[in-house]
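Heads up: the structure comes next, in C-alpha cells.
The values are calculated or read from the model by the stated rules, or taken from the named source; none is laboratory data. Model, not experiment: these values are computed from the prediction. Glycine also receives a Cβ, built like all others from the backbone with ideal geometry; neighbour counts cover every protein chain displayed. The protein model used for the area step is the full one, side chains on, heavy atoms only, and it has no ligands, DNA or RNA in it. Shrake-Rupley method; radii C 1.70, N 1.55, O 1.52, S 1.80 Å.
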Amino acid sequence: ARWTHLKTFLEMDRLPCRRRKLTPAHRRELRQRFPGLLPLMGTFAAGSGPNCFGSVMTACGVPGVSGLWMHSPPFLRWLERVAVPSTDLEACGTVLVWRDAAGQVQHAALALGHGWLFHKESQAWFSPRQVVRQQGALDRWRHEGWTVSGYALL
C-alpha cells in the first residue's frame, strides 16, 4: 500500500510496458542484435535527463550514452552512419524518427519486430524505457503536422 501512489503516478497517461510479453525466442534474437536493449527494458534512469535518443543508441550498443540527455544533432549524425532510410516501419531494427511540422526531430524509437517497439517517452526520471505495442506508440505520437520516418540499421 505504501507504494500505491507512486505506482499510480508512474502509470498515469502512459502505455503499459509489455517487455514480459516478448517470447523467449524473440528475446534471444533481440539479445544478439541489440546488445544494450534487454538490460534497459522496463527500467528508469537514475535521474532526469536521459531521453529517447540516448535510449535507442544504447539499445543498439553505443556505450556511455544511456545516462545522457542526448540532443538531436549527435543522434542524427549517429543515425546517418549506421542506417539507411526505409519505408518498412515494422521491421526489426528500424529506427523510427518523429519530426514536428517545422521538421525538428522530437522523438525516436526502435522497432523490435512482431508489432513491438522500444522507446523512452521523455527525459523525465519517471519516464521508463519501455517495450510497447508499436501501433499504440504510433497512435500516441500522432500530432497534426508531424511525420514519422524509418531508418533501417545496417
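Against the conditions (1) open to solvent by 20 Å² or more (accessible area, probe 1.4 Å); (2) without any contact (Cβ under 8 Å) to a residue 60 or more places away in the chain, where does Ser122 fall short? Just the number, please.
So Ser122 meets the others, but not (2).
Since Ser72 meets every condition but one in (1) within 20 Å of Ser127 (Cβ to Cβ); (2) surrounded by fewer than 13 Cβ atoms within 10 Å (Cβ to Cβ), which condition does it not meet?
(2)
Please count how many residues of the range 34-56 are touching a strand residue (DSSP E or B) at 6+ places or on another chain (Cβ under 9 Å) and either of a type in the set (A, V, I, L, M, F, W, C) or within 19 Å of Gln106 (Cβ to Cβ) (or both).
Final tally of qualifying residues: 13.
Can you confirm whether the range 81-94 contains a residue that is in a helix (DSSP H, G or I), in contact (Cβ under 8 Å) with a residue 40 or more places away in the chain, open to solvent by 40 Å² or more (accessible area, probe 1.4 Å) and of a type outside the set (Phe, Trp, Tyr)?
So the first thing to find is which residues in the range 81-94 are in a helix (DSSP H, G or I), and the list is 81-82.
Filter again for in contact (Cβ under 8 Å) with a residue 40 or more places away in the chain, leaving 82.
Then drop every residue that is not open to solvent by 40 Å² or more (accessible area, probe 1.4 Å), which leaves 82.
Checking which are of a type outside the set (Phe, Trp, Tyr) leaves us with 82.
Yes; the residues of the range 81-94 include at least one that is in a helix (DSSP H, G or I), in contact (Cβ under 8 Å) with a residue 40 or more places away in the chain, open to solvent by 40 Å² or more (accessible area, probe 1.4 Å) and of a type outside the set (Phe, Trp, Tyr).
Could you please find all residues in the range 21-38 being open to solvent by 40 Å² or more (accessible area, probe 1.4 Å) and either acidic (Asp, Glu) or within 25 Å of Val65 (Cα to Cα) (or both)?
Those that are open to solvent by 40 Å² or more (accessible area, probe 1.4 Å) and either acidic (Asp, Glu) or within 25 Å of Val65 (Cα to Cα) (or both): Arg27, Arg28, Glu29, Arg31, Gln32, Arg33, Pro35.
If you check every pair at least six apart or on different chains, which have Cβ atoms under 7 Å apart with a residue in the range 39-67 that is open to solvent by less than 40 Å² (accessible area, probe 1.4 Å) first and a residue that is assigned to a helix (DSSP H, G or I) and of a type in the set (Ser, Thr, Tyr) second?
From residues that are open to solvent by less than 40 Å² (accessible area, probe 1.4 Å), the pairs are Leu40/Ser55; Leu40/Thr58; Phe53/Ser72; Val65/Thr58.
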